[in-house]
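Remarks on the structure that follows.
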Amino acid sequence: MPLHPVFKAGNTALITGAASGIGLAVAKLCHKHGMRLALVDCNTDALSQAHTFFKNDPDTQTYSMDVSKIDEWRDLRAKVEMNFGQVNFLMLNAGIGVKSGWDDVEYFHTIMDTNLFGVTNGISTFLPSLRTQKPPTSIVITGSKQGITNPPGNPAYNASKAAIKTLAEHLSYDLRATPTSVHLLVPGWTFTGLTGGGKTKEKPDGAWTPEQVASYLEEKMGEDVFYVICPDNDVTTEKDKKRMLWSVGDIVNERPPLSRWRDGYKDDAEEWMSKQKV
């Protein structure tokens, strides 16, 4: 398997949402390759626990901050560059998944401030530095299948992840002639704190572990893939593709939105997907 050149001993990885789940798993992957780590999270207790995984290695530093605050990003850059120099691998992974109703304006702001502006803040803060340094450099942005197939139930979260997909696509295009690679990581069902995981619960058979997601990301980055759409133990890559094709078909075929979940279309969707070969 080819290895993306950013995974190199001595390179620096900055990862948000790094205290647990996928962020921590990617941090472990980077550490395995001898990289220096800047682990960022708003949960100070979880950060302290995460640091113990690396045996308090001086080349692993933790930073507690709120990714929705641009001033805190500027402070972070100053601290990280003082400790490590320039960042080679930027993973914008922090996210929240709270739910509420249409009348709760604060719910929409809370989701967007973290999930969307937590990404744009990171890009605007570190992209100038990434553009000036020698390769290899890379940016990974964590999206969600909910930002692609848009299942009902959490409109603000879905909208934030749909916006992240669009931003990542434009960033990839704008950096196409540079040595900075861009990748959109789209996990499947993953057993993490955000999805209900924890020390007191067993992983469901259908879910992947965060380490499986990190390994899949490493593989696809080595293949220079932008859309890193992870399967899981319940949903195959082929099923993901069929669901995405049906979703975009709502527009092309003038069906009502979210037709896959609507009465009168559910059976049609299942039948159509059963016949497709992708």
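FYI, it's all coordinate maths here, none of it is from the lab. Nothing here was measured: the structure is a model prediction, and the numbers come from that model. Quick reminder, even Gly has a Cβ in these numbers, built from the backbone with ideal geometry, and neighbours come from all protein chains shown.
The trypsin sites (Lys or Arg not before Pro) of segment 151-235 that meet both conditions, a loop assignment by DSSP and at most 13 other Cβ atoms within 10 Å of the site Cβ, are R176, K199, K201. Choose one answer from T60, T44, T137: the residue with the largest mean-square fluctuation in a GNM of the chain with alpha-carbon springs under 10 Å. The residue with the greatest mean-square fluctuation here is T44. Taking GluC sites (Glu not before Pro) as exposed when DSSP calls them loop and at most 13 other C-beta atoms lie within 10 angstrom, the chain has its longest site-free stretch at 1-201.
Give me the number: length gained by fully extending K32 to D234, i.e. 0.36 nm times residue separation minus the C-alpha to C-alpha distance, one decimal in nm. Provide the component values of the computation, followed by the final result.
Working: separation 202, 0.36 × 202 = 72.72 nm, distance 2.88 nm.
Full-extension gain reported as 69.8 nm.
Binning the C-alpha pair distances of segment 12-234 at 10 Å intervals from 0 yields a P(r) profile of 8, 35, 40, 16, 2 %, listed from the shortest bin outward.
Across the cross-link table entries K145/K241; K145/K201; K203/K275; K28/K239, which are compared at the Cα atoms, the separations over 21 Å belong to K145/K201; K203/K275; K28/K239.
Per 0.36 nm of contour for each residue apart, how much would the distance between A177 and I251 grow if the chain were fully extended, relative to their Cα-Cα spacing? Before the final figure, lay out the partial values.
On the way: separation 74, 0.36 × 74 = 26.64 nm, distance 3.24 nm.
Gain in length upon complete extension: 23.4 nm.
Ranking T236, N253, A269 by Cα position along the charge dipole of segment 236-278, where only Lys, Arg, Asp and Glu carry charges on their C-beta atoms, puts T236 farthest toward the positive end.
Using a Gaussian network model of the chain in which every pair of alpha carbons under 10 angstrom is joined by a spring, one finds that among Q86, Q49, Q212 the greatest mean-square fluctuation is at Q49. GNM on the chain, alpha-carbon springs under 10 angstrom: the most fluctuating residue among L24, L14, L175 is L175.
Viscosity 1.306 mPa s, temperature 10 °C: what is the translational diffusion coefficient of segment 1-96 from Stokes-Einstein with a Kirkwood Rh over Cα pairs, rounded to a whole number of µm²/s? Working shown, then result.
Details: Rh = 13.2 Å.
Once the numbers are plugged in, D ends up at 120 µm²/s.
Couplings 3J(HN,Hα) for segment 20-33, derived from phi with the Karplus relation 6.51 cos²θ - 1.76 cosθ + 1.60 (θ = phi - 60°), are 7, x, 5, x, 5, 5, 5, 4, 4, 4, 4, 4, 4, 8 Hz, where x marks Gly and Pro.
Can you compute the equivalent ellipsoid semi-axes for segment 31-78, i.e. the square root of 5 times each eigenvalue of the Cα gyration tensor, sorted largest first and rounded to whole Å?
Working: eigenvalues 86, 34, 11 Å².
Semi-axes (√(5λ), whole Å): 21, 13, 7.
Ordered from longest to shortest, the equivalent ellipsoid semi-axes for segment 97-142 are 32, 10, 4 Å, each the square root of 5 times a Cα gyration tensor eigenvalue. Restricting the trypsin sites (Lys or Arg not before Pro) of segment 55-117 to loop positions (DSSP other than H, G, I, E, B) with no more than 16 neighbouring Cβ atoms within 10 Å leaves K55, K69, K99. Per residue, the convex hull around the alpha carbon atoms of segment 197-270 comes to 132 Å³.
Cα convex hull, segment 236-278: 66 Å³ per residue, rounded to a whole number. Taking 25 °C and 0.890 mPa s as conditions, segment 124-176 diffuses translationally at an estimated 196 µm²/s according to Stokes-Einstein applied to its Kirkwood radius (Cα pairs). Seen from D113, the other residues with C-beta closer than 13 Å to its C-beta sum to a net charge of -2, counting Lys and Arg as +1 and Asp and Glu as -1.
So how strong a dipole does the chain carry about its Cα centre when Lys and Arg Cβ are +1 and Asp and Glu Cβ are -1, to the nearest 20 debye? Please report the intermediate quantities before stating the final value.
Working: 30 positive and 33 negative charges, 124 e Å.
The dipole of the chain has a size of about 600 debye.
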